[in-house]
Amino acid sequence: MRVRAWLETFLAVLTGALAVLTLISREWIEALTGLDPDEHSGSLEWLVVVICGLLAVTCSVLARRSWRRVRLAASSA
């Protein structure tokens with residue numbers, strides 16, 4: 001259960017960082033992959049921000065629940 005909590009925490013931090021990175025520098029996707037699927041319209045970048053933001057919130061809630069279970073199991077042992 002502790003591994004799950006760490007994984008959820010890591011994913012929350014990673015997806016949150018990607019959302020912030022995309023807000024700061026929208027061209028990192030093109031620079032990293034060399035692809036420009038939205039032809040500089042910015043629609044892909046906004047989609048990445050929304051999806052990563054939602055994933056960050058979801059993973060944060062799941063991580064909080066998992067860490068509470070870990071603490072509860074440790075205190076009852």
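The values are calculated or read from the model by the stated rules, or taken from the named source; none is laboratory data. Note that the coordinates shown come from a computational prediction; the quantities given were computed from them, not determined experimentally. No Cβ is skipped: glycine too gets one built from the backbone with ideal geometry, and neighbour counts run over all protein chains shown.
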Output the residues belonging to the range 4-56 that are among the hydrophobic types (A, V, I, L, M, F, W, C) and in contact (Cβ under 8 Å) with a residue 60 or more places away in the chain. Ala5
Take the residues of the range 1-54 that are modelled with pLDDT under 85 and among the charged types (D, E, K, R): which is nearest to Arg71 (Cα to Cα)? Arg26
